[in-house]
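The values are calculated or read from the model by the stated rules, or taken from the named source; none is laboratory data. Because the structure is predicted, anything quoted here is derived from the model rather than measured. Cβ placement follows ideal geometry from the backbone for every residue including glycine, while neighbour counts extend to all protein chains displayed. Note: accessible area is taken over every heavy atom of the protein model, side chains too, but ligands, DNA and RNA are not part of it. Shrake-Rupley method; radii C 1.70, N 1.55, O 1.52, S 1.80 Å.
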Amino acid sequence: MTDRAFHTVWLPLQGQFYRIAFYLLENEADAKDAVQELYLKLWTLRDHLEMVREPAAYGSLLLRNLCIDRIRRRKPREELREDQADGPPPDRQLEEKEALKAVMKDMAALPENQRKLLTMRVLEGLSYQEISQKTGLSPLNIRVQVSLARKKLKR
């Protein structure tokens, strides 16, 4: 196929190919890239394109396959981004687990009363008044005990 024949047969189909690519890829930049990739492929096959009876159908089929390949290449990267968005990186997770183990070990070393009050205040999120109602201790005493427990944990 000559350059002139290629330009007259295939280039007018560019708009139609773009609409197909945009429909499949749902992204303007990816659609333009896919159409450009299609035209590169068609150009390399130009010697065999004279046998094609329906250029629009043939080009659409090639484009569809190129778009599917793009979607398949893109999918693992998107899953990776989703995993990373859900939490911190693995090394950070390991640090957090080790820090949590250390805090739990230190909490086990606290006196029973302080551990119980700190757990109610921090982990259960109870107010000093609610803790007072459950334990019968004064809110001031609870604040002092929780404060002492926190200081011991900080050390």
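Of the residues that sit in the range 1-52 and are aromatic (Phe, Trp, Tyr) and in a helix (DSSP H, G or I), which one is farthest from ILE71 (Cα to Cα)?
Among them, the one singled out is PHE6.
Which residue pairs have Cβ atoms under 6 Å apart, sit 6 or more places apart or on different chains, and have a first residue in the range 128-155 that is modelled with pLDDT under 90 and a second that is surrounded by fewer than 16 Cβ atoms within 10 Å (Cβ to Cβ)?
Matching pairs, first to second residue: LEU153/ASP106.
Would you tally the residues in the range 4-34 being of a type in the set (Val, Ile, Thr) and within 23 Å of the chain's Cα centre (by Cα)?
Residues in the range 4-34 being of a type in the set (Val, Ile, Thr) and within 23 Å of the chain's Cα centre (by Cα): 0 in total.
Go over the candidates GLN133, GLN145 one by one and state the one that is polar (S, T, N, Q), open to solvent by 70 Å² or more (accessible area, probe 1.4 Å) and assigned to a helix (DSSP H, G or I).
Of GLN133, GLN145, the one residue that is polar (S, T, N, Q), open to solvent by 70 Å² or more (accessible area, probe 1.4 Å) and assigned to a helix (DSSP H, G or I) is GLN133.
Among residues belonging to the range 35-47 that are farther than 14 Å from THR8 by Cα and open to solvent by 70 Å² or more (accessible area, probe 1.4 Å), point out the one that is farthest from the chain's Cα centre (by Cα).
Of all residues in the range 35-47, those farther than 14 Å from THR8 by Cα come to 35-38, 40-41, 44-45, 47.
The next check asks that each one be open to solvent by 70 Å² or more (accessible area, probe 1.4 Å); those that pass are 36, 40-41, 44, 47.
Details: GLN36: 28, LEU40: 32, LYS41: 33, THR44: 37, ASP47: 44 Å.
Checked the range 35-47; the qualifying residue farthest from the chain's Cα centre (by Cα) is ASP47.
Quickly run through the range 117-130 and pick out the residues that are assigned to a helix (DSSP H, G or I), more than 18 Å from ALA102 (Cα to Cα) and open to solvent by 60 Å² or more (accessible area, probe 1.4 Å).
If the condition is that a residue be assigned to a helix (DSSP H, G or I), more than 18 Å from ALA102 (Cα to Cα) and open to solvent by 60 Å² or more (accessible area, probe 1.4 Å), then ARG121, GLN129, GLU130 are the ones that fit.
Among the residues of the range 1-34, count how many are open to solvent by 90 Å² or more (accessible area, probe 1.4 Å) and in contact (Cβ under 8 Å) with a residue 40 or more places away in the chain.
0
Within the range 86-101, is even one residue open to solvent by less than 80 Å² (accessible area, probe 1.4 Å), outside any helix (DSSP H, G or I) and modelled with pLDDT of 85 or more?
no
Kindly indicate whether GLU50 is exposed (fewer than 15 other Cβ atoms within 10 Å of the Cβ) and either touching a strand residue (DSSP E or B) at 6+ places or on another chain (Cβ under 6 Å) or touching a residue at least 24 places away in the same chain (Cβ under 8 Å) (or both).
The answer is yes for GLU50.
Test ALA57 against the stated conditions and say whether it is farther than 21 Å from ASP3 by Cβ, surrounded by fewer than 14 Cβ atoms within 10 Å (Cβ to Cβ) and either at pLDDT below 95 or within 36 Å of the chain's Cα centre (by Cα) (or both).
Yes, satisfied.
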